[in-house]
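Shown next, in structure tokens, is the structure this report addresses.
The values are calculated or read from the model by the stated rules, or taken from the named source; none is laboratory data. Bear in mind the structure is a predicted one, so any value in this text is a computation, not a measurement. Reconstructed Cβ throughout: ideal geometry from the backbone, glycine too, with neighbour counts over all protein chains shown.
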Amino acid sequence: MDRIEIARARDAHGELTLALRGDVLELVVDGVFAMDSAQTSTERELARVALDLLTGTDPVTGGRGGLQVLVGGLGLGCTARTLLDSPAVGAVEVVELHPALVDWAHQGLLPELPDADPRLTLTVGDVLDVVPRRTGLDAVLLDVDNGPDFLVHTGNAAVYGSPFLAAACAALAPGGVLAVWSADRSPTLQRTLEAVAGGCSEVLLEVTRAARTFTYALYLAVRPAR
Ligand SMILES: C[S@@+](CC[C@H](N)C(=O)[O-])C[C@H]1O[C@@H](n2cnc3c(N)ncnc32)[C@H](O)[C@@H]1O
């Protein structure tokens, strides 16, 4: 199938390419496949599990409304889209390392974020710098790399370490949710979150891609309510 490159950019963190294979949109970072629009169920699930924890069974009246959520990593915008589809969400800040990807979103090249939703803010930055400066969030959702054991950006190793995860917990309001996406199960990450947050649950998600089955994982911690 023909592959049509839509956009390409290079910045201090590497090279980004957005391309179409048929009707499938593909994001490539430094020549490495990052994600495509053919299979985005786990990126969406990252948002859903956090919303379920925060809102209970009724997305409007069962829990808190006006939820303030920070998402680490824009990608194709699927986690952000799922959040914005919920009426319980009051504000979403997406923190993205690559300025070009944020520009492409503003230019309408990411179909998941077609409209200017007043609840959405796109911030160019590194989660390692931005998250520790935030407070009172209802959720911090991190999907910036493949997980601790197979990094695209070596600098992201710190995202899965105790100091940063403790800072992410401290950015939450009491009862807030910290959720981390990983392409593999990671008992080490689970133990780290248990240590910094006092508890952590693992959600395993099976995904089939090109006739192969993968098991991705989400790690969820809740900041104790006072
Ligand atoms: C797999 S994609 C995220 C997918 C996203 N959840 C979605 O729904 O499409 C990872 C994103 O994180 C960004 N990223 C990588 N390291 C980062 C960091 N340290 N801070 C902020 N963004 C980062 C990448 O440029 C990429 O856009």
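Quick look at the values:
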{"read-out": "First in the range 201-217 and closer than 16 Å to Thr40 by Cβ, second anywhere and among the small types (Gly, Ala, Ser), Cβ under 6 Å, 6 or more apart", "value": "Tyr216/Ala183"}
{"read-out": "Among (1) under 26 Å from Arg64 (Cα atoms); (2) among the aliphatic types (A, V, I, L, M); (3) modelled with pLDDT of 95 or more; (4) assigned to a loop (DSSP other than H, G, I, E, B), the one test that Ala225 misses", "value": "(3)"}
{"read-out": "Condition broken by Leu97, with the remaining ones in (1) in contact with a His (Cβ under 6 Å, 6 or more places away or on another chain); (2) farther than 29 Å from Ala221 by Cα satisfied", "value": "(2)"}
{"read-out": "Subset of the range 198-220 (residues that are in contact with a Phe, Trp or Tyr (Cβ under 8 Å, 6 or more places away or on another chain) and of a type in the set (D, E, K, R))", "value": "Glu202, Glu206"}
{"read-out": "Matching residues, the range 84-127, being near the ligand (Cβ under 10 Å from one of its atoms), within 14 Å of the chain's Cα centre (by Cα) and aliphatic (A, V, I, L, M)", "value": "Val94, Val95, Leu97, Val127"}
{"read-out": "Close pairs (7 angstrom Cβ cut-off, 6 or more residues apart or separate chains): of a type in the set (S, T, N, Q) in the range 143-159, more than 8 Å from the ligand (Cβ to nearest atom) anywhere", "value": "Asn146/Ala183"}
{"read-out": "Condition check for Leu53: farther than 22 Å from Val207 by Cα, of a type outside the set (D, E, K, R), part of a helix (DSSP H, G or I) and at pLDDT 90 or above", "value": "yes"}
{"read-out": "Hits in the range 189-212 - residues which are within 19 Å of Ala158 (Cβ to Cβ) and in contact with a helix residue (DSSP H, G or I) (Cβ under 8 Å, 6 or more places away or on another chain)", "value": "Leu189, Thr192, Leu193, Ala195, Val196, Ala197, Cys200"}
{"read-out": "Any hit, the range 34-50, residues being outside any loop (DSSP other than H, G, I, E, B), touching a Lys or Arg at 6+ places or on another chain (Cβ under 9 Å) and more than 27 Å from Leu165 (Cα to Cα)", "value": "yes"}
{"read-out": "Considering residues of the range 132-146 that are assigned to a loop (DSSP other than H, G, I, E, B) and crowded, with 23+ Cβ neighbours inside 10 Å only, the residue farthest from the ligand (Cβ to nearest atom)", "value": "Asp145"}
{"read-out": "Residue that is within 22 Å of Arg64 (Cα to Cα) and either at pLDDT 95 or above or touching a Pro at 6+ places or on another chain (Cβ under 6 Å) (or both), where the choices are Ala195, Ala166, Ala170, Ala217", "value": "Ala170"}
{"read-out": "Tally of residues being within 20 Å of Glu43 (Cα to Cα) and of a type in the set (Phe, Trp, Tyr) across the range 162-200", "value": "1"}
{"read-out": "Considering residues of the range 61-83 that are more than 8 Å from the ligand (Cβ to nearest atom) and either assigned to a loop (DSSP other than H, G, I, E, B) or under 8 Å from the mean Cα position of the chain (by Cα) (or both) only, the residue modelled with the highest pLDDT", "value": "Gly66"}
{"read-out": "Qualifying residue in the range 37-53 (condition: within 15 Å of the ligand (Cβ to nearest atom) and in contact with a Gly (Cβ under 7 Å, 6 or more places away or on another chain))", "value": "yes"}
